[in-house]
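> Dropping the structure in here first, questions after.
The values are calculated or read from the model by the stated rules, or taken from the named source; none is laboratory data. Just so we're clear, the structure is a prediction, and the values are computed from it rather than from any experiment. Note: ideal-geometry Cβ built from the backbone for every residue, glycine included; neighbour counts use all protein chains shown.
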Amino acid sequence: MSKTSKKKPTTKRTRPAAIKYDKFVKLWTVSSSVAEVAKTLGIKTNSASAIAARLRASGVKLRKFPRRDTQPVDTKKLNKLLEAR
């Protein structure tokens, strides 16, 4: 018995188009979150954050968006857990 396998046609992954920094900065200044910037540009949130960090490291004065924690941190409760050990 010979096995015949049907290979799926593979598509080569391509790099996304480079984002122009002037477009990124303009969008950053009018957006309310990193997620909004990422969604508008069609990139991941981590990528938008990385671009912003790279620009800041180069001296561009981009504002920092407030972090959005998913849950409040109850420090007293957590410290009691650590002390119980």
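> Checking residue 33 against (1) closer than 20 Å to residue 68 by Cβ; (2) at pLDDT below 95; (3) touching a helix residue (DSSP H, G or I) at 6+ places or on another chain (Cβ under 7 Å), only one condition comes out false. Which one?
Residue 33 satisfies every listed condition except (3).
> Within the group 6, 26, which residue is surrounded by 10 or more Cβ atoms within 10 Å (Cβ to Cβ) and more than 17 Å from the chain's Cα centre (by Cα)?
On the way: 6 fails: surrounded by 10 or more Cβ atoms within 10 Å (Cβ to Cβ).
None of the others qualify; the one that does is 26.
> What's the total number of residues in the range 33-46 that are surrounded by fewer than 16 Cβ atoms within 10 Å (Cβ to Cβ) and outside any loop (DSSP other than H, G, I, E, B)?
Going through the range 33-46, the residues surrounded by fewer than 16 Cβ atoms within 10 Å (Cβ to Cβ) turn out to be 33, 35, 39-40, 42, 44-46.
In the following step, the residues that additionally are outside any loop (DSSP other than H, G, I, E, B) were identified as 35, 39-40, 45-46.
The total comes to 5.
> Please pick out the residue among 62, 41, 27 that is touching a helix residue (DSSP H, G or I) at 6+ places or on another chain (Cβ under 6 Å), free of Cβ contacts under 8 Å to residues at least 24 places away in the same chain and on the phi < 0 side of the Ramachandran plot. I'd like the intermediate steps shown before the answer.
On the way: 62 fails: free of Cβ contacts under 8 Å to residues at least 24 places away in the same chain; 41 fails: touching a helix residue (DSSP H, G or I) at 6+ places or on another chain (Cβ under 6 Å).
The unique qualifying residue is 27.
> Going through the range 47-85 one residue at a time, which ones are among the polar types (S, T, N, Q) and loosely packed, with under 10 Cβ neighbours inside 10 Å? Please lay out each step first, then the result.
Taking the range 47-85 and keeping what is among the polar types (S, T, N, Q), we get 47, 49, 58, 70-71, 75, 79.
Correct list: 58, 70, 71, 75.
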